[in-house]
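Throughout, read-outs are computed from the coordinates displayed, never taken from laboratory work. All figures in this text were calculated on a predicted structure; none of them were measured in a lab. As a convention, Cβ positions derive from the backbone with ideal geometry for all residues, glycine included, and neighbour counts pool all protein chains shown.
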Amino acid sequence: MAKRIEYVDIAKGFSILLVVIYHMANQDYSNEYPFFVEVNSYFSVFRMPFFFFMSGVFFSYSKSFMPFLLSKADVFLKPYFFVLTLLYVFNVIAYGDGAKLTVWGILYGNASTITWAPMWFLTHLFVLYLFSYVVFVFFRFKQLNLTVGCLLLLATFSVGMFFFDLFWLYPISFGGEVFLMPGLPFSSDMLLVTAPFFILGGLLRYYIVDFTPDLKVFFVSGFLFVVLCLFADADIEWTSRSIDGPFYMLLGALSGIYIMLSFAFWISRFRFLSGIPLLLGRSSLFILIFHGFFLYRLTPLFDRLLSAYVGGFGVIILVLLFSLVVPMVIRWVVINSNYLSLFFLPVKNNKLFSKRQAV
């Protein structure tokens, strides 16, 4: 079982790595390397579906609702509000106000309303867990036949695609002024698109834990993915609510998930290959929170200081490494500090509370 858990963590490591590479490829100077940007664009069809799928693999709804709600707020909302509140206070001190980050923007919790845009994943994961809890507990989704469940997820995804951009830049009047909505709070307007992948991960939990790649399915998935990349106009931009070819995007997402699971399984069998992706998977929360800060600030700095020595692509690699390694160092510091752990990790695992209970 331990080996299987490692394989799942490795898959999670791949999912967070793809997220960081996406943000890396969005840097302006990366356009000097069209192959890098183009290949990264192919990953868009399965990058986030894979992330949400892996997030749902060990979804548990055994707790009653209020303890479940509090535990997910502890896991996702606590580090979100802690980090962005500190950033807001810094803005007030440094600039005299919160010009770069507003209280309403933090509370709204969307990528376009906060300074560290990737942290929208935390608020969305919170509502995604709550939505999935309702689906499994109140609608008894787990008791359905797997085929029926998958068909319902397909129907949910189809409805979600149809209304994907409904609340994006939607005009509303308030106080005599017109405002454009940046989606719903906590990106809740995307739930019908993200939840099918998350819930599918939960439905297939035991299949994933006992997963062994089938070479025929792997090659068929690879062939399908390549064909879709080369000949189908499939693309999705989550933060701006735009999508092209939703049916092709779904096929690309499912085939990409199978490919990544297969790679994770094979890599888990080699200790010298599995160490780094395993660490990435276990550090995913900290990489998610902090990678953007280092990526966006180190890119112009390294480009100015190091591009003459290592070239532009060398700068890309160095920035990518720093954006992954530094958050892992932060994780190590937090884990070894009972007080910092209070703000980033679940309270129930904190040694300060266990010591108090022992006394």
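Would you please name the chymotrypsin sites (Phe, Trp or Tyr not before Pro) within the stretch 203-311 that are DSSP coil residues with at most 10 other C-beta atoms within 10 Å of their C-beta?
Here the chymotrypsin sites (Phe, Trp or Tyr not before Pro) that fit, given the DSSP loop and packing criteria, are 270.
So between residue 73 and residue 340, what do we pick up on full extension, going 0.36 nm a residue minus the alpha carbon distance? Walk me through the intermediate numbers first.
On the way: separation 267, 0.36 × 267 = 96.12 nm, distance 1.71 nm.
Between residue 73 and residue 340, full extension yields an extra 94.4 nm.
With θ set to phi - 60°, apply the Karplus curve 6.51 cos²θ - 1.76 cosθ + 1.60 along the stretch 268-278 and write out the HN-Hα couplings as whole Hz, x wherever there is a Gly or Pro.
Taking θ as phi minus 60°, the curve returns 5, 7, 10, 4, 6, 9, 7, x, 5, x, 5 Hz for the stretch 268-278.
Taking the chain as a Gaussian network, where each spring joins two C-alpha atoms under 10 Å apart, which residue of 232, 308, 73 fluctuates the most?
The residue that fluctuates most here is 308.
Of 201, 169, 187, whose Cα points farthest to the positive end of the dipole of the stretch 138-219 (charges on the beta-carbon: +1 Lys, Arg; -1 Asp, Glu; origin at the Cα centre)?
201
For the chain, with the dipole built from +1 on Lys and Arg beta-carbon atoms and -1 on Asp and Glu ones, taken about the Cα centre, which of 264, 217, 22 lies farthest toward the positive end?
264
Taking amide hydrogens as modeled 1.01 Å from N in the peptide plane, which residues meet the under 5 Å criterion relative to residue 181, leaving out close sequence neighbours?
169, 170, 172
I need the calculated FRET efficiency for the pair residue 332 and residue 217, taking r as the beta carbon distance and R₀ as 45 Å, to the nearest 0.05.
Efficiency, rounded to the nearest 0.05: 0.75.
Between the alpha-carbon centers of the stretch 174-234 and the stretch 272-321, tell me the distance in whole angstrom.
Distance between centres, Cα-based: 25 Å.
Stretched out fully, how many nm does the piece from residue 310 to residue 134 gain, at 0.36 nm a residue minus the Cα gap?
Values: separation 176, 0.36 × 176 = 63.36 nm, distance 5.20 nm.
So the extension gain works out to 58.2 nm.
For the chain, modelled as a Gaussian network with Cα springs under 10 Å, which listed residue fluctuates most, 282, 205, 140?
140
With the chain treated as a Gaussian network of Cα nodes joined by springs under 10 Å, which of 20, 178, 329 yields the largest mean-square fluctuation?
Checking each option, the largest mean-square fluctuation is seen for 178.
First select every other residue whose beta carbon is under 13 angstrom from the beta carbon of residue 60; then total the charges, Lys and Arg +1, Asp and Glu -1.
That sum, taken over residues with Cβ under 13 Å, equals +4.
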